[in-house]
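Asker: Mind looking over this structure? Questions follow.
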Amino acid sequence: MPELPEVETVRRVLKTWLIGKRIIKCFPIYPNIIASMTPEEFALRIEGQEIKDIGRKGKYLLIYLENDVIISHLRMEGKYHLGYFGLRKENDEANHYFAPNVIDKKNKHVHLVFLLDDNRVLMYDDVRKFGRMNLVKKEELFLVPPLNKLGIEANSDDYSASYLFERLQKLKVTIKQALLNQELISGLGNIYVDEVLFLSKIKPTKEANKISLKKCQVILDNAKIVLNKAIELGGSTIRSYHFANGVDGKFQNELYVYGRANQECKFCGSKINKIKVGGRGTHYCPSCQK
Ligand SMILES: [Zn+2]
């Protein structure tokens, strides 16, 4: 599942592909990918607009057009491919536009196609079909769903410890659940919350309102370290993005607890525990984290 660092890697790739290109036509093949309007409306509104910039807010990709912004949430498996315009088969009546450089059997997972003015196509492919796209007017980007309630990003300098402390005081959930709440703090998913709590020496099941102001600062410092390092390492394997497995960073080698159940803690040698917290698989070191 792509989290903030992986989405940031995608953003950087899309930026090199798309800036200055005009969308000539949009083919919504799987209509449910489009949220909050009909696929026809979506297509009509974006056709003819030039792609001005690619941004990101939390785990959302923002494709800035002249008048509107496409907000793309990849969820579990969403990914983008760039290819060349062509018909799948001579007698194929459906709008299966594809790229010869993409494995053909993958084409059944292509759910949305943007034909660009340089005769290339941007294909959105999503095996699990959980990804969603919204289209909003530029000036309303942060005023309407889904971005209007999104919290400050975890690695932003704008996030203060006192604000986090104040918000945590009002919560009756574990610190793990609190940090996963994107309205409270955006950009931390299951992997990175486990890592941040490990580095902060906080047990994931600790109640959120028992975290001190000092520890809030430690959490934010570690969120910055973990996310920025992950972005750096995701960015180093940009070229692998073209392959079927999508974004494939190198940060997995740096993980202390996530995915390391029953392995030795890199700090103290104890066995890493795996439990469920709020329904999510959660990893921690019983000796290092209190
Ligand atoms: Zn340990």
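The values are calculated or read from the model by the stated rules, or taken from the named source; none is laboratory data. Everything numeric in this text was worked out from a predicted model, so none of it was measured. So basically every Cβ, Gly included, is an ideal-geometry build from the backbone, and we count neighbours across all protein chains shown. Surface accessibility is based on the protein's heavy atoms, side chains included, excluding ligands, DNA and RNA. Shrake-Rupley method; radii C 1.70, N 1.55, O 1.52, S 1.80 Å.
Asker: Can you tell me the orientation of helix 190-199 relative to the chain, as the angle in degrees between its alpha-carbon axis and the longest Cα principal axis, to the nearest 10?
Answerer: So the helix axis and the longest Cα principal axis differ by about 30 degrees.
Asker: Of 138/170; 172/290; 15/172; 229/290; 79/214; 79/172, which pairs sit farther than 30 Å apart, going by alpha carbon to alpha carbon?
Answerer: Pairs exceeding 30 Å: 138/170; 15/172; 79/214; 79/172.
Asker: Given the Cα-Cα distance of residue 228 and residue 66 and 0.36 nm per residue of separation, how much length would full extension add, in nm?
Answerer: Value of the extension gain: 55.3 nm.
Asker: What figure, in Å² to the nearest 10, do you get for the accessible area of residue 163 with a 1.4 Å probe and non-protein molecules left out?
Answerer: About 80 Å², ignoring ligands and nucleic acids.
Asker: Starting from the residue with the highest accessible area, list 287, 200 in decreasing order, probe 1.4 Å.
Answerer: Descending order: 287, 200.
Asker: Right, something else. Efficiency by 1/(1 + (r/R0)^6): what FRET value for residue 163 and residue 270, r their Cβ-Cβ distance, R0 = 30 Å, to the nearest 0.05?
Answerer: Computed FRET efficiency for residue 163 and residue 270 comes out at 0.35.
Asker: Would you work out which of 278, 258, 226 lies farthest towards the positive end of the dipole of the range 161-284? Charges go on Cβ: Lys and Arg +1, Asp and Glu -1.
Answerer: So the residue furthest toward the plus end is 278.
Asker: Principal axis lengths of the chain from Cα atoms, whole Å, largest first?
Answerer: 64, 40, 29
Asker: Related question: What does the extension gain come out to for residue 261 and residue 129, with contour length at 0.36 nm per residue minus their alpha carbon separation?
Answerer: Going from the current span to full extension adds 44.6 nm.
Asker: How much accessible area does residue 136 have with a 1.4 Å probe, in Å² rounded to the nearest 10?
Answerer: Surface accessible to solvent at residue 136 totals approximately 10 Å².
Asker: Taking the Cα atoms only, what angle lies between the long axis of helix 4-18 and the longest principal axis of the chain, rounded to 10 degrees?
Answerer: So the helix axis and the longest Cα principal axis differ by about 20 degrees.
Asker: Moving to a separate point now. If you place +1 on the Cβ of every Lys and Arg, -1 on the Cβ of every Asp and Glu, and leave all else neutral, what size is the dipole of the chain about its Cα centre, to the nearest 20 Debye?
Answerer: Computed about the Cα centre, the dipole is about 1360 debye.
Asker: Let me ask you something else. So what is the accessible area of the chain per residue, in Å², with the probe set to 1.4 Å?
Answerer: 48
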